[in-house]
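Trainee: Take a look at this one; I'll ask things after.
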Amino acid sequence: GPISGEVKATTVDAETMVAEGEAIYALDPKHMVVKIPMTAEGLKAIKALSAKGIPTNCTLVFSANQALLAARAGATYVSP
């Protein structure tokens, strides 16, 4: 099944999140899902990673509106 790997908690910009996400995904492309926080920059990173076919889990989602934003960005999963 899927294995989650998260970008560093101190990473706040989309460009770095994407770079970290690509490195995480490369560890095991068959199983890895990249965890990205629900922030404006996180949504940008989710959109970029999804465009590259990299599955994502948008974390820190606490409302239906946030879940909808994550889905529109291309998140594979959402979680609190």
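Trainee: Among the residues of the stretch 35-64, which ones are surrounded by fewer than 16 Cβ atoms within 10 Å (Cβ to Cβ) and among the basic types (Lys, Arg)?
Mentor: Passing the criteria: only Lys52.
Trainee: Pull out all pairs, ordered by first then second residue, where Cβ-Cβ is under 9 Å, the residues are six or more apart or on different chains, the first lies in the stretch 46-72 and is in contact (Cβ under 8 Å) with a residue 40 or more places away in the chain, and the second is of a type in the set (Lys, Arg).
Mentor: Asn57/Lys35; Thr59/Lys35
Trainee: A further question on this structure: Report yes if Ala19 is in a helix (DSSP H, G or I) and touching a residue at least 12 places away in the same chain (Cβ under 8 Å), otherwise no. Walk me through it before giving the result.
Mentor: Numbers: in a helix (DSSP H, G or I): yes; touching a residue at least 12 places away in the same chain (Cβ under 8 Å): no.
When the stated conditions are applied, Ala19 does not pass them.
Trainee: For the stretch 15-53, enumerate the residues that are out of contact with any strand residue (DSSP E or B) (no Cβ under 9 Å at 6 or more places or on another chain) and within 21 Å of Asn65 (Cα to Cα).
Mentor: Once the filter is applied, which keeps residues that are out of contact with any strand residue (DSSP E or B) (no Cβ under 9 Å at 6 or more places or on another chain) and within 21 Å of Asn65 (Cα to Cα), the stretch 15-53 yields Thr39, Ala40, Glu41, Lys44, Lys47, Ala48.
Trainee: Tell me whether the stretch 50-68 contains one or more residues that are of a type in the set (Val, Ile, Thr), part of a strand (DSSP E or B) and under 10 Å from the mean Cα position of the chain (by Cα).
Mentor: The answer is yes, given that some residue of the stretch 50-68 is of a type in the set (Val, Ile, Thr), part of a strand (DSSP E or B) and under 10 Å from the mean Cα position of the chain (by Cα).
Trainee: Mind checking whether some residue in the stretch 28-36 is outside any helix (DSSP H, G or I), on the phi < 0 side of the Ramachandran plot, of a type in the set (Lys, Arg) and at pLDDT 95 or above? Don't jump to the end; show me each part of the working.
Mentor: Initial filter on the stretch 28-36 (outside any helix (DSSP H, G or I)): 28-36.
With the extra rule that they be on the phi < 0 side of the Ramachandran plot, the set shrinks to 28-36.
Applying the additional criterion that residues be of a type in the set (Lys, Arg) yields 30, 35.
Still in the list and also at pLDDT 95 or above: 30, 35.
Yes, because at least one residue in the stretch 28-36 is outside any helix (DSSP H, G or I), on the phi < 0 side of the Ramachandran plot, of a type in the set (Lys, Arg) and at pLDDT 95 or above.
Trainee: So Ser4 fits all but one of (1) part of a helix (DSSP H, G or I); (2) surrounded by fewer than 17 Cβ atoms within 10 Å (Cβ to Cβ); (3) among the hydroxyl-bearing types (Ser, Thr, Tyr); what number is the exception?
Mentor: The number of the failed condition is (1).
Trainee: Related question: Kindly establish whether Ala75 is at pLDDT 95 or above, out of contact with any Phe, Trp or Tyr (no Cβ under 8 Å at 6 or more places or on another chain) and assigned to a helix (DSSP H, G or I).
Mentor: In short, no.
Trainee: Restricting to the stretch 65-80, name every residue that is touching a Leu at 6+ places or on another chain (Cβ under 9 Å) and either more than 16 Å from Glu6 (Cα to Cα) or surrounded by 15 or more Cβ atoms within 10 Å (Cβ to Cβ) (or both).
Mentor: Those that are touching a Leu at 6+ places or on another chain (Cβ under 9 Å) and either more than 16 Å from Glu6 (Cα to Cα) or surrounded by 15 or more Cβ atoms within 10 Å (Cβ to Cβ) (or both): Gln66, Leu69, Ala70, Arg72, Ala73, Gly74, Ala75.
Trainee: Just a yes or no: is a residue in the stretch 14-26 surrounded by 13 or more Cβ atoms within 10 Å (Cβ to Cβ), acidic (Asp, Glu) and at pLDDT 95 or above?
Mentor: The answer is yes, given that some residue of the stretch 14-26 is surrounded by 13 or more Cβ atoms within 10 Å (Cβ to Cβ), acidic (Asp, Glu) and at pLDDT 95 or above.
The values are calculated or read from the model by the stated rules, or taken from the named source; none is laboratory data. All of these numbers come straight from a predicted model, not from anything done at the bench. Using ideal geometry, Cβ is built from the backbone for each residue, glycine included, and neighbour counts are taken over all protein chains shown.
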